[in-house]
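The structure appears below as structure tokens.
The values are calculated or read from the model by the stated rules, or taken from the named source; none is laboratory data. Everything quoted here is computed from the prediction, not taken from an experiment. Note that we place each Cβ from the backbone using ideal geometry, even for glycine, and neighbour counts take in every protein chain shown. Please note that ligands, DNA and RNA were not included when accessible areas were found on the heavy atoms of the full protein model with its side chains. Shrake-Rupley method; radii C 1.70, N 1.55, O 1.52, S 1.80 Å.
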Amino acid sequence: MLKTEPFETHAEEYDKWFEKYPHVFQSEVALIRDLLPFKNEDLKGIEVGMGTGRFAVALGIKEGIEPAAALREIALSRNVVNVFDASAEDLPYKDLQFDFVLMASCISYFHRLQPAFREANRVLKSGGSFIVGFIEKDSIIGKHYETIRGKSIFYKDAIFYSVDKVVEELKNAS
């Protein structure tokens, strides 16, 4: 991942966004839930770039990675079972281990997409699902975040991608 410094020094502020915009968060959770490959308790998945664990808790995900220690601490306080200090480009898991991999709003902070996407594919079981949620650069919110980039703690170093770019990177990573 790119710079974790804003997330280390402003973890509480980052986490409060979810309380400030609960309808946005709940709509994102509902969309992701609809994309999960199975609707049962035996589903084994991870979240990459787990942040403070809000998505993991809402979706019943018990495991994942988060490179920012301050965010990991909050996730652990929410009883997410295993939150590893790792990067998306080097997942600490064996091959073909998970039914799904979730990356929710984190790809804007990766050094490069392809290595992260390759790692996700590596740990997915055959027929597994790779769910990537991101802020599309040409969307209303993406354009808004671009205009406030210089004033934002969290978006000043973010990279917003187009759908076409993410699809291209996914294809090239498989």
Report, by residue number, each residue of the range 38-80 that is aliphatic (A, V, I, L, M), open to solvent by less than 10 Å² (accessible area, probe 1.4 Å) and in contact with a helix residue (DSSP H, G or I) (Cβ under 6 Å, 6 or more places away or on another chain).
50, 68, 71, 80
Would it be correct to say that residue 35 is open to solvent by 90 Å² or more (accessible area, probe 1.4 Å) and modelled with pLDDT under 95?
yes
Return yes or no: is residue 15 acidic (Asp, Glu), open to solvent by 80 Å² or more (accessible area, probe 1.4 Å) and out of contact with any strand residue (DSSP E or B) (no Cβ under 7 Å at 6 or more places or on another chain)?
no
Quick count over the range 94-127, residues being open to solvent by 30 Å² or more (accessible area, probe 1.4 Å), at pLDDT below 95 and touching a helix residue (DSSP H, G or I) at 6+ places or on another chain (Cβ under 9 Å), is 2
Output the residues belonging to the range 1-12 that are more than 16 Å from residue 54 (Cβ to Cβ) and either open to solvent by 40 Å² or more (accessible area, probe 1.4 Å) or among the polar types (S, T, N, Q) (or both).
2, 3, 4, 5, 8, 9
Select from the range 38-52 the residues that are hydrophobic (A, V, I, L, M, F, W, C) and modelled with pLDDT under 95 and list them in ascending order.
38, 43
Considering only the range 136-167, state which residues are under 22 Å from residue 9 (Cβ atoms) and either exposed (fewer than 12 other Cβ atoms within 10 Å of the Cβ) or out of contact with any His (no Cβ under 8 Å at 6 or more places or on another chain) (or both).
145, 148, 149, 150, 151, 152, 155, 156, 157, 158, 159
Of everything in the range 148-174, what is part of a helix (DSSP H, G or I), in contact (Cβ under 8 Å) with a residue 12 or more places away in the chain and under 25 Å from residue 59 (Cα atoms)? Give them in sequence order.
163, 166, 170
Scan the range 113-147 residue by residue and report those that are among the β-branched types (Val, Ile, Thr) and either assigned to a helix (DSSP H, G or I) or in contact (Cβ under 8 Å) with a residue 60 or more places away in the chain (or both).
123, 131, 140, 141, 147
With the requirement that a residue be modelled with pLDDT under 95 and more than 13 Å from the chain's Cα centre (by Cα), what does the range 60-75 give you?
60, 62
